[in-house]
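The values are calculated or read from the model by the stated rules, or taken from the named source; none is laboratory data. Note that the structure is a prediction, hence the values are computed from the model and not measured. Don't worry about glycine lacking a Cβ; one is built from the backbone with ideal geometry, like all the others, and counts go over all protein chains shown. Heavy atoms of the whole protein, side chains included, go into the accessibility calculation; ligands, DNA and RNA do not. Shrake-Rupley method; radii C 1.70, N 1.55, O 1.52, S 1.80 Å.
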Amino acid sequence: MSKGVLYDATKCIGCRACQVACKQWNEMPGKPTTNTGSYENPPNTNAYSLTKIRFSEVDYDDKFHWVFTKIQCMHCDDPACAAACLVGAFQKTPEGAVVYDDHKCIGCRYCMVACPFGIPAYEWDDPMPWIRKCNFCADRQAEGLLPACVTTCPTGALKFGDREDLIIDAHQRIAAEPGRYVDHVYGESEVGGTSWLYLSPVPFEMLGMPTVGTEAVTLNVERAMGAVAPVLVGVAAVMSGIYWLVKRRQQPEETVAPDDKEQLEVPK
Ligand code: SF4
Ligand code: SF4
């Protein structure tokens, strides 16, 4: 059964504990940023911050709303990044995660162009750069653990479960409190459906969530990629081999995961 996460923006208090948990689990360094007059930080997800909380101040329905939105890879059911990748470095797993294999990646960055949510990020300041994005903590899920961000949320704004059950739950919440939510579960149909689902007290476009339609964008990507001459695909394959060999030689030794990584179990 494909898993998902339901993010309820009406429950989020903007503490950003999920950001910290994500960085800790993925062993990503803190980076200096500039104060923009808000507690929101960093400005966007990037190769060292796979998730962030966006702060939005919104006038809607004659009320002022201060709304928080968690941003990360949506784990599309029909991922454009995977359709654009020449060497199959992205894969949608039956469990729901869209995972990235840096051993296959040739660094062409087509995935960055294809993603309708602007998610894949490049390690621009690294001499041997990879693409980085949220992998839905697929490594944790494989060990029966919840995603790190879900585990740490103190208000229950993040709920992990079977995607179909989460959609039912989301519509039940809207029906029970129609004044609390707009009647829209973002991700249920967007780009053909995503594993991450959202509830909000205001229309999603007011939170900066892209209006992407309900058709999988892979159709357009495949059409565009069909225009790429086969010879380029051959060159890409050769580059892939060279890139893989170089990276393999420069790969640092595996580090041992800290003891504090054990967390709650994934519900059956
Ligand atoms: S949100 Fe972007 S990176 Fe994530 S699965 Fe969809 S297309 Fe790929
Ligand atoms: S699922 Fe894992 S990698 Fe993705 S945002 Fe949450 S903690 Fe980060």
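Key figures for this structure:
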item	result
Pair list, Cβ < 6 Å and 6+ apart or interchain, from the stretch 79-94 residues that are touching a residue at least 24 places away in the same chain (Cβ under 8 Å) to residues that are charged (D, E, K, R) and open to solvent by 40 Å² or more (accessible area, probe 1.4 Å)	79/92; 83/222; 87/104; 89/101; 89/104
Residues (in a loop (DSSP other than H, G, I, E, B), touching a helix residue (DSSP H, G or I) at 6+ places or on another chain (Cβ under 9 Å) and open to solvent by 20 Å² or more (accessible area, probe 1.4 Å)) located in the stretch 107-116	108, 115, 116
Listing of helices (runs of 4 or more DSSP H) fully contained in the stretch 117-205 that carry 2 or more residues being more than 20 Å from the chain's Cα centre (by Cα)	163-176
Complete set of residues in the stretch 43-63 that are of a type outside the set (D, E, K, R), at pLDDT 95 or above and more than 16 Å from ligand 1 (Cβ to nearest atom)	48, 53, 55, 56, 58, 60
Inter-residue pairs, beta-carbon under 9 Å, first without any contact (Cβ under 8 Å) to a residue 60 or more places away in the chain and open to solvent by 40 Å² or more (accessible area, probe 1.4 Å) and in the stretch 140-165, second part of a loop (DSSP other than H, G, I, E, B) and among the acidic types (Asp, Glu), 6+ apart	142/95; 143/262
Test: residue 125 is more than 16 Å from ligand 2 (Cβ to nearest atom), surrounded by fewer than 16 Cβ atoms within 10 Å (Cβ to Cβ) and charged (D, E, K, R)	yes
Count - residues of the stretch 69-106 that are closer than 17 Å to residue 186 by Cα, near ligand 1 (Cβ under 8 Å from one of its atoms) and either in a strand (DSSP E or B) or in contact with a Pro (Cβ under 9 Å, 6 or more places away or on another chain) (or both)	3
Breaking point among (1) more than 15 Å from ligand 2 (Cβ to nearest atom); (2) closer than 24 Å to residue 208 by Cα, for residue 98	(1)
Test for residue 192: is it under 21 Å from residue 216 (Cβ atoms), out of contact with any Leu (no Cβ under 7 Å at 6 or more places or on another chain) and away from ligand 2 (no atom under 15 Å from the Cβ)	yes
Residue 194 among the polar types (S, T, N, Q), at pLDDT 95 or above and buried (at least 21 other Cβ atoms within 10 Å of the Cβ)	yes
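The rows are residues; the columns are (1) away from ligand 1 (no atom under 16 Å from the Cβ); (2) modelled with pLDDT of 95 or more; (3) part of a loop (DSSP other than H, G, I, E, B); (4) surrounded by 15 or more Cβ atoms within 10 Å (Cβ to Cβ).
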position: 4; (1), (2), (3), (4): no, yes, no, yes
position: 10; (1), (2), (3), (4): yes, yes, yes, yes
position: 15; (1), (2), (3), (4): yes, yes, yes, yes
position: 21; (1), (2), (3), (4): yes, yes, no, yes
position: 35; (1), (2), (3), (4): yes, no, yes, no
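So that you can scan it fast, the table gives a plain yes or no per residue for (1) open to solvent by 20 Å² or more (accessible area, probe 1.4 Å); (2) touching a Lys or Arg at 6+ places or on another chain (Cβ under 9 Å):
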| position | (1), (2) |
| --- | --- |
| 50 | no, yes |
| 54 | yes, yes |
| 58 | no, no |
| 67 | no, yes |
| 77 | yes, yes |
| 101 | yes, no |
| 132 | yes, no |
